[in-house]
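Everything below concerns the one structure shown next.
Nothing in this text is a laboratory measurement; each read-out follows from the coordinates by a stated rule. Since we're looking at a predicted model, the values are computed, not measured. Neighbour counts run over all protein chains shown; Cβ positions are idealised from the backbone, glycine included.
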Amino acid sequence: MATAIKKPLTAAQFKKKVVQHLNFTSSQTDYQQDPTAVLRAVCLTVNEVVYEKLTETNQYHKEHKSRSINYLSLEYLMGRMLSNNLHNLDLFDVAQKAVASLGFEIEDIFEEGHDLALGNGGLGRLAACFLDSLATMDFNAVGYGIHYEHGLFKQQFHQGRQIETPDEWREYGNPWEVCRPEAVQNIPLFGHVETIANTDGSVQKVWHSGQTIKGVPWDVPIVGYNSKTVNVLRLWESRASSHFDWDQFNSGAYQDAHSAQNHAETISKVLYPNDETDAGKELRFIQQYFFCACSIKDIIKRYQEQYADDWSQFSKQVVIQLNDTHPTIAILELMRTLIDEQGFTWSDAFAMCREIFAYTNHTLLPEALEKWSVDMFERVLPRHLEILYTINEFFLDQEVAALWPNDHQMRRRLSIIEEGPQKMVRMAHLCVVTSFKVNGVAQIHSDLVKSDLFPEFNQLYPSKLTNVTNGVTPRRWLKACNPELSKLLDSKVKSDWAKDLSSLSAVAKFADDEKFQQKFMAIKHNNKVKLAEEILTSTGVVVSPDAIFDVQIKRLHEYKRQHLSFLHILALYRRLLADPDYDMHPRVYIFGAKAAPGYYLAKEIIYAINKVADKINNDDRINGKLKVVFMPNYRVTLAEKIIPAADVSEQISTAGKEASGTGNMKLALNGAITIGTLDGANVEIAEEVGDDNIFIFGNTVDDIKALEANGYNPYDYYNNDEEIKACLDWLLTDYFTPGNPGELSAVAHSLLDGGDPYRLLADFADYAKANIALDNAYKDKARWARMAIINTAKMGKFTSDRSIQDYVDNIWKLTPMSSQD
Ligand code: GPV
């Protein structure tokens with residue numbers, strides 16, 4: 001393995017620093033029983049190396065005037081930082097030895113760390129993987145986000161039901177963040193706009209805001225793997241400002257200003273726990289604006305430190321990526337700044353924005369396409385709304401009218417403002433109109449964005465809509481989380497596969513090598529033993545590592561169809577009860593998922609799975625052939641334990657609904673075999689591993705469209721499939737909830753009278769069939785080992801380094817540090 005960067009510390013030096021921090025930073029001399037104190041001291045030691053590199057990185061980019069990517073995202077699911085930072089700095093062994101000599105196992109020290117859970121699911125984790133790749137590839141990048149006081153809620157189960165408690169990730173401080181008072185921003189909102197007529201006939205707009213909120217930045221360093229770079233993730237915290245605009249607001253705005261004053265500190269209090277649904281709350285809107293305004297001001301501040309008032313280089317120096325529509329207001333804020341504060345004409349300002357912004361779409365689900373009411377815009381951001389109107393006018397009158405003259409239907413359809421009883425702003429339309437590139441996150445998704453979501457925009461702006469397939473960082477999702485497999489791969493691959501994941505294809509030639517198969521599967525088995533212990537601790541259920549570990553980990557959502565797997569579990573249970581000798585390899589179903597607190601059916605699905613699990617896990621009649629566990633509090637850290645132990649990866653969304661998926665990539669990378677639909681990145685995973693090494697089933701996007709064209713009726717399946725009927729009827733009895741019949745009926749009703757919106761029943765039979773094929777494959781040990789090895793070997797495409805390179809080549813046009821020398 002080529003290591004370009006030499007180890008910054010020896011184990012003895014590292015230990016000395018840890019002890020110094022224990023003694024002098026924390027005043028701890030009696031730390032033998034205090035792993036938390038040791039964790040803190042280790043982090044502080046690592047930070048010494050990190051901050052030195054951060055300073056060097058900043059100096060370099062300043063000197064070289066490097067163009068920067070500014071990644072705007074409302075979510076970052078960073079997980080724990082220590083293990084990753086140690087791996088990335090090549091200090092893992094050093095720290096392990098140092099900590100051992102203090103009497104601790106490094107893993108126990110890691111366990112003391114909190115997850116940074118400032119996100120919901122895939123979108124937030126993608127942002128975290130991208131930051132890792134950007135630093136690893138030596139790009140000048142800043143991540144901007146919100147410093148939520150409480151990240152995603154903690155999940156517990158009480159008698160099978162989800163209970164949410166607040167996430168206290170920084171209750172006692174967080175060693176990975178540093179406050180930057182020198183970069184505080186003041187953010188105006190509310191108030192009114194005054195129109196001043198100039199003597200030359202032109203008009204000038206002055207926004208008299210009703211309130212000012214202070215944005216305090218906290219920087220989390222992002223350490224590249226075996227690279228020169230440490231970048232930052234800058235997170236904004238809201239505080240009440242002393243800069244109250246007493247002289248500015250009039251009595252009309254006073255009420256707004258007064259009530260909003262109370263809001264100042266609640267703005268960054270909590271992460272909205274909704275995943276792919278529009279929260280539709282004023283506070284959420286203000287969160288978005290607050291963070292966009294802070295970030296735009298910061299981007300301008302950084303630019304002006306170099307170029308002062310010369311704006312000619314701005315769009316050459318800065319590109320801004322919008323992670324979904326959540327940061328869309330950044331467009332309006334930059335427009336406002338350029339026009340009202342920097343004296344640009346409207347068209348020059350708009351032309352500049354069209355060179356700076358690019359937008360990533362992460363979903364086709366209508367409930368996730370953000371809309372905000374014009375009324376609220378008017379109340380909170382009156383000047384931004386005016387600017388939005390001018391963009392819409394230009395777009396409709398100049399661009400839509402040019403292609404479709406006098407077409408009122410088309411104007412209505414494409415307008416950034418949706419007409420209706422309540423006028424709404426379509427945030428995605430604003431993004432598409434203004435951005436120079438719009439990308440989907442997997443090929444099939446990007447194709448659907450063009451054909452189904454934005455076909456007219458694709459006509460209007462040919463070549464604007466494009467694809468960048470998602471990826472995951474192999475540092476966290478293989479090297480750090482699966483050390484044994486990593487070592488095995490090291491022994492077979494010459495180059496540093498963690499930096500060049502395609503080089504793993506070299507292990508494909510060992511797929512049929514008996515010895516290699518044995519080693520590979522022994523590692524999987526060890527990982528399963530460890531996970532079985534974790535399962536016992538967290539759920540009290542005993543599972544056998546000899547069973548198939550079948551994993552479905554992701555947010556709970558109907559479109560992801562955890563209940564399809566659930567229905568199939570009922571079917572297996574029923575088959576086993578009818579015939580205890582029913583031929584199947586023992587299987588453990590492992591679920592991990594949080595449901596949005598207000599998502600009724602998602603919570604009912606969790607409850608149903610837990611109740612059925614109780615019954616199945618305690619049923620002696622089925623000889624332990626089936627177990628079901630729902631592991632509580634699914635999060636990055638739990639994913640890191642489950643993924644290395646998975647045999648089967650469930651990726652069973654309704655075709656056309658999952659934009660990409662990224663868990664699918666992590667699981668396959670760790671040698672799990674996918675059972676999945678032709679949806680999202682599954683399609684590309686199938687292309688890479690080949691049809692023999694994946695179990696694809698179910699209706700395709702076109703099949704689903706055809707089913708719907710014919711009038712989808714779930715009762716057709718219920719009435720014609722005895723197994724479906726029996727399983728759904730079972731849920732109406734008290735078999736799983738003694739004394740309380742019908743407690744699990746919500747799931748059944750959604751699939752029948754509810755219309756089965758995600759077409760589970762249409763896919764059930766084929767899913768059951770694919771599971772039999774999978775079971776047969778597992779029984780053939782050599783065949784399964786071969787499949788698992790091929791999966792690991794063929795995941796090269798799905799490193800987030802490749803995604804970032806695609807963004808750099810096709811959208812961002814950046815040059816890395818190393819090749820600027
Ligand atoms: I929009 N995604 C998410 O996690 N939250 C959201 O609010 C939205 C999208 C996810 C998609 O569901 C996944 O298919 C995708 O892999 C991920 O974003 C990253 O692109």
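Annotations
- Size of electric dipole in the stretch 695-821: Cβ of Lys, Arg +1 and of Asp, Glu -1, about Cα centre, debye, nearest 20: 820
- Stretchable slack from residue 459 to residue 600, in nm (0.36 nm times residue separation minus alpha-carbon distance): 46.8 nm
- Extension gain for the segment residue 708 to residue 277, taken as residue separation times 0.36 nm less the Cα-Cα distance, is 152.8 nm to one decimal.
- Point-charge dipole on Cβ atoms (K/R +1, D/E -1) for the chain, about Cα centre, debye to 20: 1860
- In this calculation the C-beta distance from residue 156 to residue 269 is compared with R0 = 22 Å, giving a FRET efficiency of 0.55.
- Gain on full stretching of the segment that runs from residue 346 to residue 615 - 0.36 nm per residue minus C-alpha separation: 90.2 nm
- Note on the stretch 14-127: lysine pairs with Cα distance below 20 Å, sequence gap of 8 or more or different chains, count 6.
- Folded to 0 to 90 degrees: helix 251-263 orientation relative to the chain principal axis, Cα: 30
- Mean residue ellipticity (222 nm) of the chain, computed from DSSP H runs ≥ 4 via -39,500 (n - 2.57), nearest 500: -13000 deg cm²/dmol
- Sorting 66, 544 from the fewest to the most surrounding beta carbons within 10 angstrom yields 544, 66.
- Intensity falloff of the stretch 1-156 expressed as log10 I(q)/I(0), Debye formula with alpha-carbon point scatterers, at q = 0.17 Å⁻¹: -1.13
- Extreme residue, positive dipole direction of the chain, given options 520, 190, 349 (C-beta unit charges): 520
- Per residue, the convex hull volume that the Cα atoms of the stretch 475-798 enclose (Å³): 126
- Extreme residue, positive dipole direction of the stretch 449-495, given options 451, 477, 465 (C-beta unit charges): 477
- The residues 520, 697, when put in order of fewest to most other Cβ atoms within 10 Å, stand as 697, 520.
- Cα pair count fraction exceeding 26 Å, expressed as % - the stretch 630-756: 42
- What the Cβ-Cβ distance of residue 308 and residue 178 gives, at R0 = 30 Å and to the nearest 0.05, is a FRET efficiency of 0.65.
- The distance between label points at residue 525 and residue 93 comes to 2.8 nm (points 7 Å beyond Cα on the Cα→Cβ vector).
- Annotation: lysines with alpha-carbon distance below 16 angstrom to residue 450 (same-chain offsets under eight excluded): 437, 464, 657.
- A Cβ-based charge dipole, computed about the Cα centre of the stretch 475-798 with Lys and Arg at +1 and Asp and Glu at -1, lands at about 1540 debye.
- Kirkwood Rh, Cα atoms: Rg over Rh of the chain: 0.97
- Along each principal axis, taking the top coordinate minus the bottom one, the Cα set of the stretch 696-821 gives 73, 40, 34 Å in descending order.
- Cα Rg over Rh - the stretch 724-771, Kirkwood: 1.04
- Pair residue 773, residue 10: separation of 7 Å Cα→Cβ label points (nm): 5.8
- Under 30 Å between alpha carbons - lysine pairs in the stretch 667-821 that sit 8 or more apart or on different chains: 15
- Annotation for residue 204 and residue 239: the two label points, set 7 Å from Cα along the Cα-Cβ direction, are 3.3 nm apart.
- Judged by the ratio a/c of the largest to the smallest principal axis of the C-alpha gyration tensor, the stretch 473-549 counts as oblate, that ratio being 1.5 or greater while a/b is no larger than b/c.
- Note on the stretch 589-642: the alpha carbon radius of gyration divided by the globular reference 2.2 N^0.38 Å gives 1.28.
- Residue-count net charge about residue 163 - beta-carbon cut-off 13 Å; Lys, Arg +1, Asp, Glu -1: +3
- Other residues with beta-carbon under 12 Å from the beta-carbon of residue 279 carry, at +1 per Lys or Arg and -1 per Asp or Glu, a net charge of -3.
- As a rough footprinting exposure proxy, the listed residues 57, 195 were ranked by other beta carbons within 10 Å of their own, and the order from fewest upward is 195, 57.
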